[in-house]
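Enquirer: Have a look at this one before I ask anything.
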Amino acid sequence: MNSLRTVLARVVLDNPTMLASGMMGETGASLTKVAAAGAGAVVTKSVGIEPRTGYINPTLFETDGYYVNAMGLPNPGMDAYAEEMKLARASKVPIFASVFAASIKDFISVSSKMEEYGANAIELNLSCPHAKGYGMEMGIDPDIVHDIVKEVKGSVKIPVFAKLTPNTHRLVEVGLAVEKAGGDGIVAINTVKAIAISVEFRRPVLSNIYGGLSGPAVKPIGLRSVYDLYGKVSIPIIGVGGIDDWRDAMEYIMAGARAVQVGSAIGRKGLGVFEDVKTGMRDYMEANGVKSISDLVGVANERK
Amino acid sequence: MNGNEVVRITEVVREGKGVTTLRFELDRTVRPGQFFMVWVPGVDEVPMSASYNGKVKGITVKDIGEATGALCSLNVGDLIGVRGPYGKGFAQPHGVYLVVGGGTGIAAVMPAIEMAKDRSIVDVAFGARSGSEIIFEERARRSSDNVMISTDDGSHGYHGTVVAMVDEMLAKRSYSQIIACGPERMLYYLLQVCKKHGVECQMSLERFMKCGSGLCGSCVIDGRRVCADGPIFLGREIDEMDEFGRSKRDETGRIIKL
Ligand SMILES: Cc1cc2nc3c(=O)[nH]c(=O)nc-3n(C[C@H](O)[C@H](O)[C@H](O)COP(=O)(O)OP(=O)(O)OC[C@H]3O[C@@H](n4cnc5c(N)ncnc54)[C@H](O)[C@@H]3O)c2cc1C
Ligand SMILES: Cc1cc2nc3c(=O)[nH]c(=O)nc-3n(C[C@H](O)[C@H](O)[C@H](O)COP(=O)(O)O)c2cc1C
Ligand code: FES
């Protein structure tokens, strides 16, 4: 019998599939449903200090090959999220609490709250604009990322993962900054900055104009990001971006990911995607005499 | 293919008090009970059930706010954005079934009446506060031998709620299933009546929707996505929901008591 058991920092997953942040994770009950569907861990919707309604619709543009979304981080705020975490903890899988903030102080407040609520790890969403950064994503600046990770690490006991934005040519530098600051792992990638235009209406579709590209179209970018990071950092990497089936997931593992997150595929494939990925991985391992999924992590890097 | 498309309005029909149907061509298969996300540029994009699902599709809109008001003021030749259809449709019941529509919910169940293979296997119960709010009565009569109407004020048909009328109908004829859409209060009491008579039902639920396509989670009820796992749920699934008839969530995800 082969094993899908995966260890991320001190967090033990029964299998390497995870729910990506922003997908269904608004309520404790939906996180429980995802866990019951076979995910090895779940990530909450990104939670902030205050309740946010997010942007007005349209917040999503859809085609067969990709989505562009600008939800605007709707969330009930960290105080109301206590109730959801209480429910979510009834599920047996680890919970990664995704947090966002516009300042280091707020990152610390939300992360501490989520630890208090029983989260097993923190996932820092660094794709948000910096309060003083003129709308610039925080995650593109290695110094800012270093400081956020270091301060949050100093305030919580649970492992801290940093979710990186692909919208920078300094991705590896940012990854190294996470490691240097004591971060326990890296999640790559968040969505790729994008726009959708309506020809008939001669205007951008999303109310926020800019959005984030996700789905099958971003997989090659996610793979490249994980591959590059794997060669440079030694902390675990979680791969995310365009994973639709077990092959996509296996590509991420071979590029260097210890675990994978599934986002957009939840929309069209539903929650069955977790069992599909697990079954495909097990069959592949069986057919190729692989005992543990960890034996496949990063193998594509060794066969240059 | 569910992706964004822009369609031209080919027909506008005023159905009743504040209710307007917009027709447009869209080459996609739409099952009864499915819905579209409908975009009025510069205003909003909102969920709308397909009230016509043939070659020429249609939505039937009640003007209750900004987006619905903008939709109701459109004219033939105007453009709207649509994506979808989303959600699961109503399953064709085996044998004789009853379709119940309350208020604007009538729009969503109309295609479920027309999916009947013949007029004798589908009965209809429509209800509204007053006669001017009853839509699609003639259209229903073209597909069913037995169309019953109720109004709260007694201005048309049975004087009372549609749920009270259905309670009486269930005592007279036995149905394999009930298909329903309407305000949650109506569905809540209808579910009790279905349970009393031991009839299974399929009901279309509503929750606040953002993405409409099963991603964001803003529409969840008891952890199920109304847009993707619904909007049609079975009575026995709904009966197990703690939030049904009790609470919903606002745009931020906070709980609001009903
Ligand atoms: C699956 C589904 C099918 C629907 N089908 C129809 C239909 O066939 N005909 C029809 O007239 N209406 C239908 N509705 C309701 C319709 O979407 C709302 O009336 C509309 O969104 C109101 O927008 P507004 O800007 O006019 O009003 P607002 O003033 O913005 O809102 C008024 C109320 O409408 C509801 N609402 C607003 N935005 C949304 C949203 N994005 N999702 C869900 N509810 C919302 C809220 O309860 C709100 O309090 C449907 C809703 C759902 C979820
Ligand atoms: C509708 C939607 C909402 C998202 N919300 C968040 C969020 O709140 N926080 C976050 O870190 N990432 C968010 N993401 C990004 C995803 O977690 C993921 O990184 C990205 O979509 C790439 O993966 P995918 O192709 O599997 O979707 C969101 C993505 C989508 C499509
Ligand atoms: S509206 Fe986004 S999941 Fe249903």
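Enquirer: Once you keep just the Cα pairs under 8 angstrom separated by 6 or more residues, what percentage relative contact order results for segment B:97-257?
Expert: In percent, rounded to a whole number, it is 18.
Enquirer: Can you sort A:Asp228, B:Asp152 from fewest to most other Cβ atoms within 10 Å of each residue's own Cβ?
Expert: In increasing order of surrounding Cβ atoms, one gets B:Asp152, A:Asp228.
Enquirer: Quick check on my link table: of A:Lys45/A:Lys92; A:Lys45/A:Lys291; A:Lys113/A:Lys269, which ones sit more than 29 Å apart, alpha carbon to alpha carbon?
Expert: The pairs that break the limit, which is 29 Å between Cα atoms, are A:Lys45/A:Lys291; A:Lys113/A:Lys269.
Enquirer: Another question about this same structure. Once you average over the residues of A:60-66, how many Cβ atoms of partner chains fall within 10 Å of each Cβ?
Expert: 5
Enquirer: Treating the Cα atoms of the protein assembly as shown as identical point scatterers in vacuum, please give the log10 of the normalised Debye intensity I(q)/I(0) at q = 0.10, 0.11, 0.12 Å⁻¹, two decimals.
Expert: Debye intensities relative to I(0), on a log10 scale: -0.84, -0.97, -1.10.
Enquirer: Taking only Cα atoms and a 10 Å spring cutoff, compute GNM fluctuations for chain B and point out the largest among B:Lys172, B:Lys57, B:Lys195.
Expert: The residue that fluctuates most here is B:Lys172.
Enquirer: Follow-up. When all C-alpha to C-alpha distances in segment B:193-237 are sorted into bins of 5 Å, what percent of pairs does each bin hold, rounded to whole numbers?
Expert: Reading the bins upward from 0: 5, 24, 28, 15, 13, 8, 5, 1.
Enquirer: Provide the net charge surrounding A:Met78, with neighbours chosen by a C-beta distance below 15 Å and charges set as Lys +1, Arg +1, Asp -1, Glu -1.
Expert: -3
Enquirer: If I histogram all Cα-Cα distances within segment A:138-220 using bins 10 Å wide from 0, what percent of pairs lands in each bin?
Expert: Reading upward from the zero bin: 17, 38, 26, 14, 5, 0.
Enquirer: Which whole-percent values make up P(r) of chain B when all C-alpha to C-alpha distances are grouped in 5 Å steps starting at zero?
Expert: 1, 6, 14, 18, 20, 18, 13, 7, 2, 0, 0
Enquirer: Report the percentage of all Cα-Cα pairs in chain A whose separation exceeds 32 Å, rounded to a whole percent.
Expert: So the portion of pairs separated by more than 32 Å is 19 percent.
Enquirer: When only C-alpha pairs under 8 Å and at least 6 residues apart count, what is the relative contact order of segment B:5-86, in percent?
Expert: 40 percent
Enquirer: Rounded to the nearest 20 Debye, what is the dipole magnitude of the protein assembly as shown about its Cα centre when Lys and Arg each give +1 and Asp and Glu each give -1 at the C-beta?
Expert: Charge dipole of the protein assembly as shown: 520 debye, to the nearest 20.
Enquirer: Moving on to the next point. Starting from the amide H of B:Ser150, placed 1.01 Å from N in the peptide plane, find each other amide H under 5 Å away whose residue is 5 or more places distant or on another chain.
Expert: Answer set, sorted by chain and number: B:Phe126, B:Gly127, B:Ala128, B:Tyr158.
Enquirer: Can you give the translational diffusion coefficient of segment B:1-82 in µm²/s, computed by Stokes-Einstein from the Kirkwood radius over Cα pairs at 20 °C and 1.002 mPa s?
Expert: 171 µm²/s
Enquirer: Could I ask something else about it? Using modelled amide H (1.01 Å from N, peptide plane; none on Pro or chain starts), what sits under 5 Å from the amide H of A:Gly242, excluding residues fewer than 5 places away?
Expert: Placed amide hydrogens put A:Gly215, A:Gly263, A:Ser264 under 5 Å from A:Gly242.
Enquirer: Then there is this: Could you check what % of the DSSP bridge pairs in chain A are antiparallel, to the nearest 5?
Expert: Antiparallel: roughly 40 percent of the beta bridges in chain A.
Enquirer: Roughly how many Å is it from the Cα centre of segment A:37-78 to that of segment B:98-130, as a whole number?
Expert: So the two Cα centres are separated by 36 Å.
Enquirer: Which lysines have a Cα lying under 27 Å from the Cα of B:Lys195, excluding residues fewer than 8 positions away in the same chain?
Expert: A:Lys33, B:Lys88, B:Lys117, B:Lys172, B:Lys248, B:Lys257
Enquirer: Antiparallel as a % of all DSSP beta bridges within segment B:97-257, to the nearest 5?
Expert: Around 25 percent antiparallel, to the nearest 5.
Enquirer: Highest GNM mean-square fluctuation, chain A, Cα pairs closer than 10 Å: which of A:Ala101, A:Ala196, A:Ala265?
Expert: Judging by the Gaussian network model, the answer is A:Ala196.
Enquirer: Something else about it: Taking the Cα centre of segment B:97-257 as the origin, how large is its charge dipole in debye, to the nearest 20, when only Lys and Arg (+1) and Asp and Glu (-1) carry charge on their Cβ atoms?
Expert: Approximately 180 debye in magnitude.
Enquirer: Let me ask another. Considering Cα pairs under 8 angstrom that are at least six residues apart, work out the relative contact order of chain A and quote it in whole percent.
Expert: Taking the mean separation of contacting Cα pairs over the length of chain A, I get 19 percent.
Enquirer: Roughly what % of DSSP beta bridges within the protein assembly as shown run antiparallel, to the nearest 5?
Expert: Around 50 percent of the beta bridges assigned by DSSP in the protein assembly as shown are antiparallel ones.
Each reported figure results from applying straightforward, stated rules to the coordinates on display, with no laboratory input. Worth saying up front: this structure is predicted, and the values here are computed from it rather than measured. In this analysis, Cβ positions are derived from the backbone assuming ideal geometry, glycine residues included, and neighbour counts consider all displayed protein chains.
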